[in-house]
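For reference, the structure is listed below as structure tokens.
The values are calculated or read from the model by the stated rules, or taken from the named source; none is laboratory data. Bear in mind that the values here come from a model prediction, so they are computed numbers and not experimental data. A quick note on method: Cβ atoms are made from the backbone with ideal geometry, for glycine too, and the neighbour counts reach across all protein chains shown.
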Amino acid sequence: MNNAQNDRPYIVYGSMKNRGGRIIWALEELEQSYRVVDLQLFKGEQRQPDYLNINPHGKVPTLVIPHSPSTPTAEESSLTSSEEEVITESLAILLTLAERHKSLLPIDIRERAQCHHWLAYCATELEPPLWTHAKHSFVYPTKRRVSEIFPSCLYEYQRALNHIEQMLSDHRSYLTSCFSIADIFVGQTLMWGRSRELGERGVLTEAYIKRLKARPAWQRARLTLTSED
Ligand SMILES: N[C@@H](CCC(=O)N[C@@H](CS)C(=O)NCC(=O)O)C(=O)O
């Protein structure tokens, strides 16, 4: 593996157990070198001062793009400046990586619009009920948890799952004409819901998840989990 624009590896704070998986998977698809820093979220390592200096929101994932020793050309973005770059928010990181490596985004303008659609759909429709359910199940301290919210979460999540199943009926292998960051974002979120045994996925969605998990890059990303995970 290499880092086409930089001699040093990317640094990913996060892991395949959380939204860091989106970034690790993308880096594997891009065949980039990277180092994983797996913060122990349940021990509150994301709220330690050293990490808050990197990501003041105290969340994972965070991507650090190391200092590039080469002099940037005029047309290169500020991402290749001599300063180390820190990007947070998994969607922003995926977009940054795709743009930086000119990959994992459809070239055709209509297909790219579809890719944007799925990124937006995942961030605003698919993930929120899943995340709200998780927060009120085990993320928040007990006194902040409101179990009455669960039926609404499950209703919204199922609605989103049904929509995805319907949209997959066009016999495409992926959400757009080629594999893209939309498949990583939506796919990782579907795998997350599946691992928590929430919602009922249709046969097309199950086949889609199976297809994603068969990708060599996803298989390699999974290997970053240690035996303790
Ligand atoms: N919108 C953010 C969400 C980040 C997020 O909530 N990450 C979780 C792990 S998947 C986290 O850091 N939880 C620890 C905490 O909230 O203290 C993203 O997509 O990057």
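A few notes on this one:
- The lone criterion from (1) surrounded by 12 or more Cβ atoms within 10 Å (Cβ to Cβ); (2) modelled with pLDDT of 95 or more; (3) more than 16 Å from the ligand (Cβ to nearest atom) left unmet by Pro72 is number (2).
- Residue in the range 113-121 that is more than 20 Å from Ile93 (Cβ to Cβ), in a helix (DSSP H, G or I) and outside the structural domain of Lys17 (by TED's automatic domain parsing) present: yes
- Some residue of the range 37-53 being away from the ligand (no atom under 11 Å from the Cβ), aromatic (Phe, Trp, Tyr) and not in a loop (DSSP other than H, G, I, E, B): no
- Candidates are the residues of the range 122-164 that are of a type in the set (Phe, Trp, Tyr) and either in the same structural domain as Arg22 (by TED's automatic domain parsing) or in a helix (DSSP H, G or I) (or both); the one that is surrounded by the most Cβ atoms within 10 Å (Cβ to Cβ) is Tyr157.
- Any hit, the range 166-178, residues being touching a residue at least 24 places away in the same chain (Cβ under 8 Å), farther than 30 Å from Arg100 by Cα and out of contact with any helix residue (DSSP H, G or I) (no Cβ under 7 Å at 6 or more places or on another chain): no
- In the range 93-114, the residues that are within 20 Å of Thr62 (Cβ to Cβ) reach residues that are aromatic (Phe, Trp, Tyr) with C-beta atoms within less than 8 angstrom, at least six apart or across chains, in these pairs: Leu94/Phe185; Leu104/Phe179.
- Inside the range 130-165, residues that are touching a residue at least 24 places away in the same chain (Cβ under 8 Å) and within 17 Å of Ser90 (Cα to Cα) make up a count of 1.
- Residue check, Arg172 modelled with pLDDT under 95 and either surrounded by fewer than 19 Cβ atoms within 10 Å (Cβ to Cβ) or part of a helix (DSSP H, G or I) (or both): yes
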